[in-house]
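Encoded as structure tokens, the structure appears first; notes follow it.
Every number here is computed from the coordinates shown, using simple stated rules; none is lab data. Everything quoted here is computed from the prediction, not taken from an experiment. Here the Cβ is made from the backbone with ideal geometry for all residues, glycine too, and neighbour counts use every protein chain on show.
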Amino acid sequence: MTATENKELVRTFWSALYERDWDRIGQFFTPDSEYTDVPSPPDDVAKGPLQIVARLRLGLEPISRYEHDHRLTVAEGDIVVTEHSETWHWHSGESVTLPFVSVHEFHRGDIIRWWDYWDLQTLMNAAPDWWIEHVAQGYK
């Protein structure tokens, strides 16, 4: 696939993520695909569609809403990099804007590696205690 096609796949992926279309999200990944948030421990990597979707749901399902602010996307070969931010809102009134750099690596139209780079302290300083306790339970 071309860099342009991979860039379009990332755009489609973001659309599914921000619609919280969990079934559709899983279709972007293979059993060998990996996803992690770089601030988490190095061995905390979700593998395969089921774990990846479970990890996403763990953090995102409890928030009442979130907005995506896309800044730019660049692609070269099988790598697509997106600079963006998400503003999360919890039902208890808290909110936070998280700047991200997301790196997606493709193989034949599937995301095989997704690494998200962001600042953990920005999230922890804003998140409600109940949400932190919830995600601490894990997704496995």
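Descriptive notes on the structure:
- Of the residues making up segment 29-54, those that are part of a helix (DSSP H, G or I), more than 12 Å from the chain's Cα centre (by Cα) and buried (at least 16 other Cβ atoms within 10 Å of the Cβ) number 3.
- Residue count for segment 1-40, restricted to those that are of a type outside the set (Lys, Arg) and farther than 12 Å from Ile111 by Cβ: 17.
- Residue count for segment 41-66, restricted to those that are closer than 18 Å to His104 by Cβ, in contact (Cβ under 8 Å) with a residue 60 or more places away in the chain and out of contact with any strand residue (DSSP E or B) (no Cβ under 6 Å at 6 or more places or on another chain): 1
- Residues of segment 12-26 that are surrounded by fewer than 13 Cβ atoms within 10 Å (Cβ to Cβ) and either in contact (Cβ under 8 Å) with a residue 60 or more places away in the chain or in a loop (DSSP other than H, G, I, E, B) (or both): Glu19, Asp21.
- Picking from residues in segment 83-140 that are at positive phi and of a type in the set (Gly, Ala, Ser), the one that is nearest to the chain's Cα centre (by Cα) is Gly138.
- Subset tally (residues that are within 30 Å of Leu9 (Cα to Cα) and touching a residue at least 40 places away in the same chain (Cβ under 8 Å)) for segment 108-140: 17
- Selection count where residues are under 16 Å from Ala16 (Cβ atoms) and touching an Asp or Glu at 6+ places or on another chain (Cβ under 6 Å), scope segment 85-115: 2
- Long-range neighbours under 7 Å by Cβ, at least six apart or interchain, first residue farther than 19 Å from Met124 by Cβ within segment 67-92, second of a type in the set (Phe, Trp, Tyr): His68/Trp14; His68/Tyr18; Asp78/Phe106; His84/Phe100
- Of all the residues in segment 55-78, those that are surrounded by 15 or more Cβ atoms within 10 Å (Cβ to Cβ) and among the β-branched types (Val, Ile, Thr) number 2.
- Only one of the numbered conditions (1) of a type outside the set (D, E, K, R); (2) in contact (Cβ under 8 Å) with a residue 12 or more places away in the chain; (3) surrounded by fewer than 18 Cβ atoms within 10 Å (Cβ to Cβ); (4) farther than 21 Å from Val135 by Cα is violated by Thr2, and that is (2).
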